[in-house]
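The values are calculated or read from the model by the stated rules, or taken from the named source; none is laboratory data. Note that the structure is a prediction, hence the values are computed from the model and not measured. Note that each Cβ is placed from the backbone with ideal geometry, even for glycine, and that neighbours are counted across all protein chains shown. Heavy atoms of the whole protein, side chains included, go into the accessibility calculation; ligands, DNA and RNA do not. Shrake-Rupley method; radii C 1.70, N 1.55, O 1.52, S 1.80 Å.
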Amino acid sequence: MKIIVNGEEQIIPAMSVHEYLHSIECDPMPIAVELNRSILKKSEYRTTFLAEGDQLEIVWFVGGG
Amino acid sequence: MSQHTDTWKIAGREFRSRLMVGTGKYADFRQMAQAIEASGAEIVTVAVRRVNISDRNKESLLDYIDLKKYTLLPNTAGCYSADDAVRTCRLAREAGLSDFVKLEVLGDEKTLFPDNEELLKAAAILVKEGFTVLPYTSDDPIMCRKLEDLGCAAVMPLGAPIGSGLGIRNPYNIRIIMENVKVPVIVDAGVGTASDAAIAMELGCDGVLMNTAISGARDPIAMAEAMNLAVRAGRLAYLAGRIPRKLYATASSPLEGVIG
């Protein structure tokens, strides 16, 4: 199925947010996830399954002033 | 007065250092960590950005910042609307598990001056959601009072445009702001060198926040130390009380007993 991750289209099999983050090696990182413009709490990653057309934002901290 | 007794508080949290530093534009994370250490800062700002999914540098900024020692202050740099700034703050809280945010809503790419209308909107929402909001704003006493009235934990008027190094362009407004609000006043942006930081502190500001002045210096680690000393010197001078300015001289040596 098609989802949008950080503005880019991705084709992925059905999976949870936790599984997706693992697949892109993001799971051990201090990140935050927004699914369809709502914050997803870390405790919800395993129980939230991605659906066709979902929009994910995955962010972390970078240098800034 | 030693630094140990001269503490200050933001939203009930006590700090010793009055210098807050950014983490942007360093040659590498190692240099950044050394500069932060040399600055003596306890609060460091960070930006919130998309993870690069396809080509990720696995090293995280947070590998270089000891969260037991430093308080993270995520910013909303690059946001031009209240909506984007609020979204960014919510993400920052989830990533960093802290309520502290440096709220900036920009109005213009060339000046990076704040869009104060959007800033007020965002601040109102974030305060209601329990954030500790530190807003970057103009050196405008009325805006600062409005931000305090909304429940912001501090106000952060600019000294000059971000990254400009022009120093404190309107010290008189900064003084009026300090008379107008009870929350801490932190000069954010515009500092170019150590004397600018000292001037901000001599005016009686509670703190100074800077990034480019340190990271952009030829030797960022030495400049971080200079800023550390300048902020402490400026604070001490403020507490000590400067002499009044006079047009004519007053002799320091006795007038009596001059030979001849």
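Below is a table of values for the structure above.
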{"item": "Selection count where residues are within 13 Å of chain B (Cβ to nearest Cβ) and either in contact with a helix residue (DSSP H, G or I) (Cβ under 7 Å, 6 or more places away or on another chain) or farther than 19 Å from B:D55 by Cα (or both), scope the stretch A:18-29", "result": "1"}
{"item": "All positions within the stretch B:16-59 that are more than 14 Å from chain A (Cβ to nearest Cβ), in contact with a strand residue (DSSP E or B) (Cβ under 7 Å, 6 or more places away or on another chain) and in contact (Cβ under 8 Å) with a residue 60 or more places away in the chain", "result": "B:R18, B:G40"}
{"item": "Qualifying residue in the stretch B:165-176 (condition: touching a residue at least 40 places away in the same chain (Cβ under 8 Å) and under 15 Å from the mean Cα position of the chain (by Cα))", "result": "yes"}
{"item": "Contacts under 8 angstrom Cβ, first residue in the stretch B:130-152 being at negative phi and polar (S, T, N, Q), partner open to solvent by less than 20 Å² (accessible area, probe 1.4 Å) and part of a loop (DSSP other than H, G, I, E, B), 6 or more apart", "result": "B:T132/B:A153; B:T137/B:L158; B:S138/B:L158"}
{"item": "Some residue of the stretch B:70-80 being out of contact with any Leu (no Cβ under 8 Å at 6 or more places or on another chain), within 13 Å of another protein chain (Cβ to nearest Cβ), farther than 21 Å from B:L147 by Cα and open to solvent by less than 10 Å² (accessible area, probe 1.4 Å)", "result": "no"}
{"item": "Lone qualifier among B:R242, B:R235 - being open to solvent by less than 50 Å² (accessible area, probe 1.4 Å) and of a type in the set (D, E, K, R)", "result": "B:R235"}
{"item": "Test: residue in the stretch B:184-199 that is in a helix (DSSP H, G or I) and open to solvent by 50 Å² or more (accessible area, probe 1.4 Å)", "result": "yes"}
